[in-house]
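Quick note: the coordinates plus some simple rules give every number you see, no bench work behind them. Fair warning: this is a prediction, and the values are worked out from it, not measured in the lab. Quick reminder, even Gly has a Cβ in these numbers, built from the backbone with ideal geometry, and neighbours come from all protein chains shown.
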Amino acid sequence: KQEVTQIPAALSVPEGENLVLNCSFTDSAIYNLQWFRQDPGKGLTSLLLIQSSQREQTSGRLNASLDKSSGRSTLYIAASQPGDSATYLCAVKGNQFYFGTGTSLTVIP
Amino acid sequence: GAVVSQHPSRVICKSGTSVKIECRSLDFQATTMFWYRQFPKKSLMLMATSNEGSKATYEQGVEKDKFLINHASLTLSTLTVTSAHPEDSSFYICSALLLTSVNEQFFGPGTRLTVL
């Protein structure tokens, strides 16, 4: 069974810093990997989707990479802002969606 | 992007009652929808896959008689929690599958269920 792990579980950084969130998965047979943002008590907002054949995707200050062979993905957030504070979830799609445990990010003004 | 709505956003009910949660794809048709459950500070766990016009597929350990799923149209799936108990209190999130070359899931805003 696919297991998805995110490190760190929580992260607190001062505003303006660049940061990296990590996601690892045990089964490399995936169709795609997706990064989501979840605000407290809210649903999921899709940030980036990387197909299994792709290496990275970029959207604004966000860049996600995928190394399928090693079972890893990173989400890079440039010039962090207080509004980036949220929980970030990665999910890999095999025969179903498997979600990671999430990283709770706090950006301090 | 594609939009998925859920109703209600919050519901409080007494033990023993049944609660229905609706999931709608607003601007696309979805033959497949998914229902997830999220415990506090935990990740999402897939409960079942809802297929339009056929029976839902439940994940191991999910009671199909407890969590009734109906996918009666291409834009609506409902989850009914029957004879609710306090341990059913949770955050329920649905998603709808948009069939394109990417086959991306779009998620609803979630429903907070509290059973007293």
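The table that follows gives values for the structure above.
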item: Of A:Gln57, A:Leu105, A:Leu19, farthest towards positive along the dipole that unit charges on Lys, Arg, Asp, Glu beta carbons give chain A; result: A:Gln57
item: Fraction in percent of alpha-carbon pairs per bin - 10 Å, the protein assembly as shown; result: 8, 32, 35, 20, 5, 0
item: Exceeding the 28 Å Cα-Cα cut-off - candidates A:Lys42/A:Lys68; A:Lys1/B:Lys14; B:Lys20/B:Lys55; A:Lys93/B:Lys55; A:Lys93/B:Lys14; result: A:Lys42/A:Lys68; A:Lys1/B:Lys14; A:Lys93/B:Lys14
item: Given charges at beta-carbon only (K, R positive; D, E negative), |dipole| of the protein assembly as shown in Debye; result: 320 debye
item: Sites B:Thr17 and A:Lys1, calculated FRET efficiency, Cβ-Cβ separation with R0 22 Å, nearest 0.05; result: 0.05
item: Viscosity 0.692 mPa s, 37 °C: Kirkwood-radius Stokes-Einstein D of segment B:29-94 over Cα pairs, µm²/s; result: 268 µm²/s
item: Lys/Arg +1, Asp/Glu -1 at C-beta; chain A dipole; positive extreme among A:Asn95, A:Pro82, A:Thr45; result: A:Asn95
item: Estimated FRET transfer efficiency when R0 is 41 angstrom, pair B:Phe39-A:Ser70 (beta carbons, to 0.05); result: 0.85
item: Under DSSP loop assignment and at most 12 Cβ neighbours within 10 Å, longest trypsin sites (Lys or Arg not before Pro)-free interval of chain A; result: A:56-109
item: Size of charge dipole - segment A:1-98 - debye, nearest 20, with Cβ of Lys, Arg +1 and Asp, Glu -1, no other charges; result: 280 debye
